[in-house]
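The values are calculated or read from the model by the stated rules, or taken from the named source; none is laboratory data. Because the structure is predicted, anything quoted here is derived from the model rather than measured. FYI the Cβ positions are ideal-geometry reconstructions off the backbone, even for glycines, and counts take in every protein chain you see. For the accessible areas, the whole protein counts, side chains as well, though only heavy atoms, and no ligand, DNA or RNA atoms are used. Shrake-Rupley method; radii C 1.70, N 1.55, O 1.52, S 1.80 Å.
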Amino acid sequence: AVLKDGLRSQVSAALKEGRVTPTELCQRCLALIKSTKFLNAYITVAEETALKQAEESEERYKRGQPLGLLDGIPIAVKDNFNTAGIETTCASNMLKGYISPYNATVVQKLLDQGAVLLGKTNLDEFAMGSGSTDGVFGPVRNPWSYSKQYREKSVPKSHSEDEESNWVITGGSSGGSAAAVSSFTCFAALGSDTGGSTRNPAAHCGVVGLKPTYGLISRHGLIPLVNSMDVPGILTRCVDDAAVLLGSLAGHDPKDSTTVQDDFKPFELPDLTDVSKLSIGIPKEYHAPGLSSEILALWSKAADLFKNAGAKVVEVSLPHTRYSIVCYHVLCTAEVASNMARFDGLEYGHRSDKKESTESMYAATRREGFNDVVRGRILSGNYFLLKQNYEKYFVKAQKVRRLIANDFVKVFRSGVDILLTPTTLSDPAPYREFIQEDNRTRSAQDDVLTQAANMAGLPAINVPTALSERGLPVGLQFIGRSFQEKELLTVAKWFEKQVQFPMIQLEEVERHDNGVFQHQKSASFS
């Protein structure tokens, strides 16, 4: 049952006391990865490397010298972080077979603390998407599609339809990492968050998804999408574990000039008992078009929960939020166009066999290596960066971005401590329904509630809150002040404790573990 325990309070203690060994823990997770292979959560499973790391961890425990709370803990990493000796593909033909000579800083920090790297998780190609459906390795299936909670409430016309077309998406682009954590194949996973790519799948998969303040965690070794917004994200099954990982990853990195210079002190989250001094802001602009009545009702209930507990709950306005998704699209595609220029077939990655000229080789390489979504964003970005369009689109979008960031500053200066918003417009959509619309349309809809925090560089977290009428997860988002992660996570932990989100009853896991998890009620494992 240790697979569902928390890092700080139980798993670390079980390892120290010898009730379970790192090798046993690793083997159990690897077995679960195999039995849940149909989820397509992993692109690469580094079984041999993981078992070797687990053995080394076991030796340290035998000597009574563990490296910390993460020693021997199985983790997974999104496949857009560089990993030495393990393929890094970004779910693209452009990087198939590419093996980085170095580890991303966040990966190296986890390994330095004894974490066991199980493998690399699936995503939308180059993290461009909100469903984890557009990578070359195929879509990721949401573990909740196979849960008792969902299957009891979905009524398929036939058994075959249930199996083949009734499954729902994970959200994206870090869908593989969210599915890996949700299905108990690892204790925590790294994602990336540019416009909501950690929080969106966290909401859809019923897990905690933290996007830290921009500059708190190093981006070195994260293959860039939008340099000015990218942040490594953290996915765990409870808020306490997100704090543990944040403490291990945060801090200055000389290899990333955008990281904060100040020292970061890891913290243990207090148990908040009195919320009467808290001021919770409810931004009226987040009552966005397309917001389901179910999520609106849940948002309202959450606000009442704080109010009834003594907190001050106030409606606030972020007037420029309505321009944010358009502004985000301009800035995102412009930076994508710049970043994707490095993939030219010369130094690394795919190279076309067409050799009539250098120009034809470039063109063929990029046509063969990138999918339609990536090529479309490159074209859009280059259009916005044309000399005649630069002032009209790119510069104007940067000015609007400043206005969006200033809206948040004004609200926090008014005395509001934390903002409470929905994370997604609805619960996860069935795959067949999701792919009826193109990636651009879907991303614009799915990022609308999350990308403003990236534009302003603020910390934000998804907390799983309840199950929808269909038996699928729904989460709410908390947005905090810059570098005030401790306050944000403390409030998130209090809320998590109040809502008691139900644990997924995944038949594959229960069958594999002889039903030992059936009676556990809470998804929080600390």
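By the scheme Lys and Arg +1, Asp and Glu -1, what is the net charge of all other residues having a beta-carbon under 13 Å from that of residue 217? Write down the numbers at each step before the final one.
Working: positive: 109, 211, 219, 255; negative: 193, 230, 253, 256, 485.
Net local charge, residue 217 excluded: -1.
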Task: Heavy-atom surface of the chain, accessible at 1.4 Å and reported per residue (Å²) - done: 39
Task: Check: the stretch 167-289 dipole with +1 on Lys, Arg Cβ and -1 on Asp, Glu Cβ, in debye - done: 320
- [ ] Pairs to check: 148/312; 34/78; 312/493; 211/307. Give those whose C-alpha atoms are more than 29 Å from each other in this structure.
- [x] 148/312
Task: the chain - mean residue ellipticity at 222 nm from DSSP helices (-39,500 (n - 2.57) per run, n ≥ 4, rounded to 500) - done: -11000 deg cm²/dmol
TODO: Along Cα→Cβ, 7 Å out, is where each label goes; now give me the distance between the ones at residue 19 and residue 98 in nm to one decimal.
DONE: 4.4
TODO: Please name which of 95, 65, 128 has its Cα lying farthest along the dipole of the stretch 47-145 towards the positive end, using unit charges on Cβ (Lys, Arg +1; Asp, Glu -1) and the Cα centre as origin.
DONE: 65
TODO: Determine how large the accessible area of residue 393 is when every protein chain is in place; take a 1.4 Å probe and give Å² rounded to the nearest 10.
DONE: 70
Task: Options 246, 194, 150, ranked by Cα towards positive dipole end of the chain, top entry (Cβ charges) - done: 194
Open item on the list: Give me the percent of accessible area attributable to carbon and sulfur for the chain, probe 1.4 angstrom.
Closed with: 49
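Cα gyration tensor of the stretch 26-118, axes a ≥ b ≥ c as square roots of the eigenvalues: rounded (a/c below 1.5), prolate (a/b > b/c) or oblate?
Since a/c reaches 1.5 but b/c is at least a/b, the shape of the stretch 26-118 is classed as oblate.
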- [ ] Using only protein heavy atoms and a 1.4 Å probe, report how much of residue 359 is accessible, in Å² to the nearest 10.
- [x] 130
- [ ] Kindly write out, for the stretch 121-129 in residue order, the coupling ³J(HN,Hα) from the Karplus curve 6.51 cos²θ - 1.76 cosθ + 1.60 (θ = phi - 60°), rounded to whole Hz, with x marking Gly and Pro.
- [x] 9, 6, 7, 5, 3, 6, 6, 9, x
Task: Whole-Hz ³J(HN,Hα) from phi, Karplus 6.51 cos²θ - 1.76 cosθ + 1.60, for the stretch 132-149, glycine and proline x - done: 6, 10, 10, x, 6, 9, x, x, 8, 9, 6, x, 5, 4, 10, 7, 4, 4
Task: Dipole magnitude (debye, nearest 20) for the chain, charges at Cβ of Lys, Arg, Asp, Glu - done: 960
TODO: Report the charge-dipole magnitude of the stretch 1-92 in Debye, nearest 20, computed about the Cα centre from +1 at each Lys and Arg Cβ and -1 at each Asp and Glu Cβ.
DONE: 300
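Quick one: of the DSSP bridges fully inside the stretch 24-172, what percent are antiparallel, nearest 5? Walk me through the numbers on the way to the answer.
On the way: 5 of 11 bridges.
In the stretch 24-172, DSSP labels about 45 percent of beta bridges as antiparallel.
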Open item on the list: For a quick check: with amide H placed at 1.01 Å from N, whose amide H comes under 5 Å from residue 472's, ignoring anything fewer than 5 positions away on the same chain?
Closed with: none
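For the chain, give me the percentage of DSSP beta bridges that are antiparallel, rounded to the nearest 5 percent.
Values: 34 of 50 bridges.
Here the antiparallel bridges make up roughly 70 percent for the chain.
So for each of 314-324, 475-485 I average, over its residues, the number of other beta carbons within 10 Å; can you give me the resulting order with the highest mean first? Please list the in-between numbers first.
Details: 314-324: 17.1, 475-485: 23.1.
My ranking of the peptides, most packed first, is 475-485, 314-324.
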Task: Read-out Rg/Rh (Cα atoms, Kirkwood Rh), derived from the coordinates shown; its label in (1) 1.03; (2) 0.95; (3) 1.05 - done: (2)
